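See below for the structure under consideration.
The values are calculated or read from the model by the stated rules, or taken from the named source; none is laboratory data. All values reported here derive from a predicted model rather than from experimental measurement. Quick reminder, even Gly has a Cβ in these numbers, built from the backbone with ideal geometry, and neighbours come from all protein chains shown.
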Amino acid sequence: MAGRERYYVGFNLVRGIGPARLRMLIDAFGDVERAWHAPADALYRAGLDRRSLENLLETRARVDLDREVRRVAAVGAHILTWEDEGYPKLLAEIPDPPPVLYVRGELKPEDAWAVAVVGTRRASTYGREVTRRLVSVLAQSGVTIVSGLARGVDAVAHQTALEAGGRTIAVLGCGIDLVYPPEHRELARRIAAQGALVSEYPLGTQPEPGNFPPRNRIISGLSLGVVITEAGRDSGALITADYAAEQGRDVFAVPGSILSAGCAGTNRLIQDGAKPVLDAADILQELNLTMVAEQKEARQALPTTETEALILAHLSAEPVHVDDLTRAVGLPVAQVTSTLALMELKGMVRQVGGMKYVAA
């Protein structure tokens with residue numbers, strides 16, 4: 001990226017310039033560096049409103065971008081942007097993914113096999129035990145656990161993943177240099193050592209209430225599916241479920257007592273079409289994660305072929321029947337089906353029923 005991450009960091013400091021406006025500016029000027037240095041009249045003509053333009057000009061005059069990048073390194077974090085090969089591919093698929101991720105720890109290719117586990121901050125004994133049982137099996141199966149480091153279900157999910165020897169990712173609603181809640185500082189340290197802490201917010205950003213709903217789109221965006229283990233009717237975990245549904249990700253919910261207010265949200269999700277979860281196998285089978293270890297090994301050992309590339313070019317999030325795919329790629333059906341079987345093992349595609357496939 002030749003040092004262009006500092007311009008992404010710069011734009012991330014400007015109020016009023018989010019993913020959509022930044023994409024507009026990059027399209028207008030060709031790359032992020034030229035957009036950062038563009039004159040005011042050109043920025044205005046490109047579509048930047050007056051208030052955002054004033055904020056950008058003020059930030060450009062005030063901020064030393066190289067110093068900002070050094071500050072990130074000084075807190076033990078690094079930067080990933082849209083341009084980086086290491087930017088999570090699942091997250092890149094969502095509408096308006098964050099242009100910048102601040103990361104403590106390491107995001108790895110195997111985190112493509114990730115499931116989010118979230119729920120109420122006021123977890124009951126039932127909610128905690130259900131979370132432990134599900135996460136323990138998922139983590140031992142090679143699935144990365146994504147959550148939000150909050151009190152209650154989130155903390156139990158992270159802790160259980162760590163205890164099972166698995167990977168876990170915590171998405172923060174504050175700057176990567178802060179930990180909220182503060183009593184999770186040691187948990188955050190362990191997560192960074194055995195996974196990653198991730199934030200889209202600049203250094204020093206305080207954990208204000210308005211930061212948490214947007215961060216939930218990253219939790220679901222990093223994951224193949226979202227599991228809500230316990231949630232009341234007004235739980236913030238339901239926002240994550242909404243984002244997951246909008247992003248085309250599977251939503252799972254653990255049923256609870258109809259007499260418990262703490263289970264009203266999960267029960268309602270099931271009524272609305274979420275997949276009920278009775279054990280971890282329900283999640284693993286639905287997401288085709290029953291052979292994650294084999295998929296990881298296959299992805300490392302078997303290179304992508306021209307046939308695989310051709311098939312992938314004709315797949316998206318919309319299911320395609322194998323007969324339609326065969327006609328589209330112009331190859332023998334036996335070759336297409338055998339390649340699809342191998343690609344499924346490698347975690348590149350998923351069969352969603354009725355001989356229909358989507359890109360994974």
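See the values below:
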| read-out | value |
| --- | --- |
| Selection count where residues are modelled with pLDDT of 95 or more and over 15 Å from L138 (Cβ atoms), scope segment 262-288 | 13 |
| Total residues in segment 330-360, condition at pLDDT 90 or above and surrounded by 17 or more Cβ atoms within 10 Å (Cβ to Cβ) | 4 |
| V103 being in a strand (DSSP E or B) and either of a type in the set (S, T, N, Q) or crowded, with 19+ Cβ neighbours inside 10 Å (or both) | yes |
| Which listed residue is within 17 Å of A155 (Cα to Cα), buried (at least 20 other Cβ atoms within 10 Å of the Cβ) and within 18 Å of the chain's Cα centre (by Cα), from L197, L222 | L197 |
| Checklist (1) exposed (fewer than 13 other Cβ atoms within 10 Å of the Cβ); (2) in contact with an Asp or Glu (Cβ under 9 Å, 6 or more places away or on another chain) applied to Y7, failing item | (1) |
| Extreme residue, nearest to L13 (Cα to Cα), among residues of segment 28-66 that are buried (at least 17 other Cβ atoms within 10 Å of the Cβ) and among the β-branched types (V, I, T) | T59 |
| Checklist (1) over 30 Å from Y7 (Cα atoms); (2) touching a residue at least 60 places away in the same chain (Cβ under 8 Å); (3) not small (G, A, S) applied to T125, failing item | (2) |
| Qualifying residue in segment 297-307 (condition: touching a helix residue (DSSP H, G or I) at 6+ places or on another chain (Cβ under 9 Å), assigned to a helix (DSSP H, G or I), modelled with pLDDT of 90 or more and within 24 Å of D111 (Cβ to Cβ)) | no |
| Close pairs from segment 178-190: first of a type in the set (A, V, I, L, M), partner part of a helix (DSSP H, G or I) and surrounded by fewer than 14 Cβ atoms within 10 Å (Cβ to Cβ), Cβ under 6 Å, at least 6 apart | V179/R185 |
